[in-house]
1. When a/c reaches 1.5 or more, the comparison of a/b and b/c decides; with that in mind, is the stretch 1-63 rounded, prolate or oblate per its Cα gyration tensor?
2. What FRET efficiency comes out for PHE305 versus ASN118 if R0 is 35 angstrom and r is the Cβ-Cβ distance? Round to the nearest 0.05.
3. When the solvent-accessible surface of protein heavy atoms is calculated with a 1.4 angstrom probe, in what order do TRP8, TRP315 fall, highest first?
4. Quick one: if the Förster radius is 35 Å, what FRET efficiency do LEU271 and LEU96 give, using the C-beta to C-beta distance and rounding to 0.05?
5. Using the basic label-point model (7 angstrom from Cα toward the beta carbon), what is the LEU256 to GLN48 distance in nanometres?
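The values are calculated or read from the model by the stated rules, or taken from the named source; none is laboratory data. Not measured: the values here are computed from a predicted model. All Cβ positions, even for glycine, are placed from backbone atoms using ideal geometry, and neighbour counts span all protein chains on display. Quick note on the areas: whole protein, heavy atoms, side chains included, nothing else; ligands and nucleic acids left out. Shrake-Rupley method; radii C 1.70, N 1.55, O 1.52, S 1.80 Å.
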Amino acid sequence: MRRDYLFWLTATTSDMLSRAVWSLALPFVIFALTSSTATAGLVQSLGQIAYLCVMLLGGALVDRISRRTGMVVRGLTGMVLWIGFGVLVWTHLLNLWILIAIFLTAQLLDGLFGMADNAALRSIVHDDEQFVQVTGINQGREAAVRIGGGPIGGLLYALGAAVPFLVSGALLGLVIASAKAIRADLRPPVVAENRPEQRRGIVRSVARSVAQGISFMWSQRIMRTLAITSLFINAAFSIVISTAMLGLLGAGYTALQLAYLETVYGVVMMLTAFVAARLVSRLPTGRLLIGAQLFMMVVAVGAAFWHSYAMLFLWLSLYGLVTPLFATSLSGYTFAGSSRTRV
């Protein structure tokens with residue numbers, strides 16, 4: 001399990017670092033092409049909408065294919081797209097329409113196959129208590145990527161506008177190698193059982209699963225409440241921060257200066273992640289989730305009104321303080337059940 005988990009960690013960390021690198025550089029490339037922060041924001045919004053539109057389908061699809069296959073497809077397609085993007089930037093052949101086409105394609109494929117790695121973890125770590133502990137470790141890993149990913153992306157962009165995208169593609173190649181090195185059976189139970197009737201009509205089956213999943217979530221009061229509040233609070237904070245970042249870009253701030261904001265967020269997340277799993281096991285999970293959501297709402301409102309460069313350091317730090325607690329407690333409730341966490 002430890003060997004497979006290390007390969008899984010390598011794959012997912014490479015994927016996260018790839019995202020961190022290209023996502024920092026992309027708005028600067030769009031701004032260089034159009035001299036418009038509004039266009040940069042619009043293109044990024046279209047990509048996020050494309051991702052969200054296929055995310056539920058992707059979750060159902062991942063439940064019907066080997067998670068290893070999903071990780072390989074995600075890595076291979078992303079590697080081809082981002083290396084091609086980098087080559088176009090380097091040769092000055094990139095225009096806005098090609099950029100949009102590549103970006104939307106990458107986001108759609110990410111939405112369809114990007115959840116395969118998280119689903120694979122459950123096939124590697126079976127014990128519920130260990131799974132919750134691993135979730136806390138993963139939050140620390142995410143914080144570490146945020147600490148290093150932003151500055152790395154800023155430095156790579158300083159070397160050349162094409163460099164971040166070429167590096168992103170190479171990192172996705174590491175995802176492929178790591179996924180193939182995992183020895184555990186990463187097939188979902190429905191595939192492992194090898195029932196012919198369950199392998200037929202995959203499109204109809206995926207659509208049915210999406211409908212059933214939405215129905216089940218909506219029928220569970222706490223899951224419905226968490227989904228709605230998380231959607232609005234996280235969306236509000238993301239919109240505020242993205243808008244503020246684009247404003248800083250238009251004001252002449254460099255990629256490295258914007259990366260410092262991500263670094264501060266990551267440092268605070270890492271510090272909190274070290275104690276998240278222990279706190280979740282000692283505190284009532286329901287109250288912790290409610291408190292975290294209220295805190296995130298206050299931070300989002302504050303950032304909407306005061307979003308200078310200096311104030312963004314404060315808001316991102318506060319948001320990073322509570323994010324690992326929220327994610328770990330939610331995983332504890334969802335996967336470990338009430339016998340493991342006190343609600």
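1. Judged from the Cα gyration tensor, the stretch 1-63 comes out oblate (a/c at least 1.5, b/c at or above a/b).
2. 0.50
3. TRP315, TRP8
4. 0.30
5. Calculated label separation equals 2.8 nm.
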